[in-house]
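Here is the structure we will look at, set down as structure tokens.
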Amino acid sequence: MKCCDEGNGQYSFSISHKEVKQGGDFEFLENLSFKFIQCSSNQDCDDSNSCTTDECYSDISTCVYYSIPCDQCGAMVKVSILTDHFPWQTTWNVKRNERDILNGGPCYLSNNRFDAIQCLSIGTYEFNIFDTAGNGLANDEGIDGTIGKYNLCIGDAVIESGIDFGSSESTTFIVVAPTMSMQPTRTMAPTLD
């Protein structure tokens, strides 16, 4: 007997012999997060994320966070970084209420693209990108003639991009359902000489 045919698979996920998720009918990705914590009700597991349903399994001391379809609670956000010839100089983050939601870098492969994609719930966020050399991703067109670049996207819309941002740049953006505000604000730090 054959286990699975393309498109006809299934799975189950258990913690301490208790099945907490089963499935197989999803597009390309299905997320499940959990943490071990003493809980007695679903309120004990509240993660303040409108894109999850929070459930307490008190018998196994576990909070499980089931993902809600992104188009019902927020929007897909993508940070795409094309590194310059000195990728270890660049780091970035997306914050909400001073808490890192996404972050990346430093990278160690020159002239490569790195993408981070996540569903963000409705709210206000701040994207920050940093470069320790103070020249952004420009670096005088690199040793091999290439330059780096970043894009910040909501769905398919690029809402901010940059190359020469000095030592840092910040963009505030708002995720609303089902699209987002196209009015980012940018601040730049002075370039260090």
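The values are calculated or read from the model by the stated rules, or taken from the named source; none is laboratory data. This is a predicted model, so every value here is computed, not measured. Here the Cβ is made from the backbone with ideal geometry for all residues, glycine too, and neighbour counts use every protein chain on show.
A few comments on the model shown:
- Scanning segment 54-82 for residues that are among the hydrophobic types (A, V, I, L, M, F, W, C) and within 25 Å of Gly148 (Cβ to Cβ) gives Met76, Val77, Val79, Ile81, Leu82.
- On the stretch given as segment 43-67, residues that are without any contact (Cβ under 8 Å) to a residue 60 or more places away in the chain and either of a type outside the set (A, V, I, L, M, F, W, C) or at positive phi (or both) total 17.
- Among the candidates Val64, Val94, the residue that is under 13 Å from the mean Cα position of the chain (by Cα) and outside any loop (DSSP other than H, G, I, E, B) is uniquely Val94.
- Test for Cys107: is it over 26 Å from Thr172 (Cβ atoms) and either basic (Lys, Arg) or surrounded by 14 or more Cβ atoms within 10 Å (Cβ to Cβ) (or both): no
- Qualifying residue in segment 68-78 (condition: exposed (fewer than 13 other Cβ atoms within 10 Å of the Cβ) and either at positive phi or of a type in the set (A, V, I, L, M) (or both)): no
- Residue in segment 4-25 that is closer than 28 Å to Ser170 by Cβ, in contact with a Phe, Trp or Tyr (Cβ under 8 Å, 6 or more places away or on another chain) and surrounded by 12 or more Cβ atoms within 10 Å (Cβ to Cβ) present: no
- Evaluation of Cys63 against (1) at pLDDT 95 or above; (2) closer than 30 Å to Thr132 by Cβ (one fails), failing number: (2)
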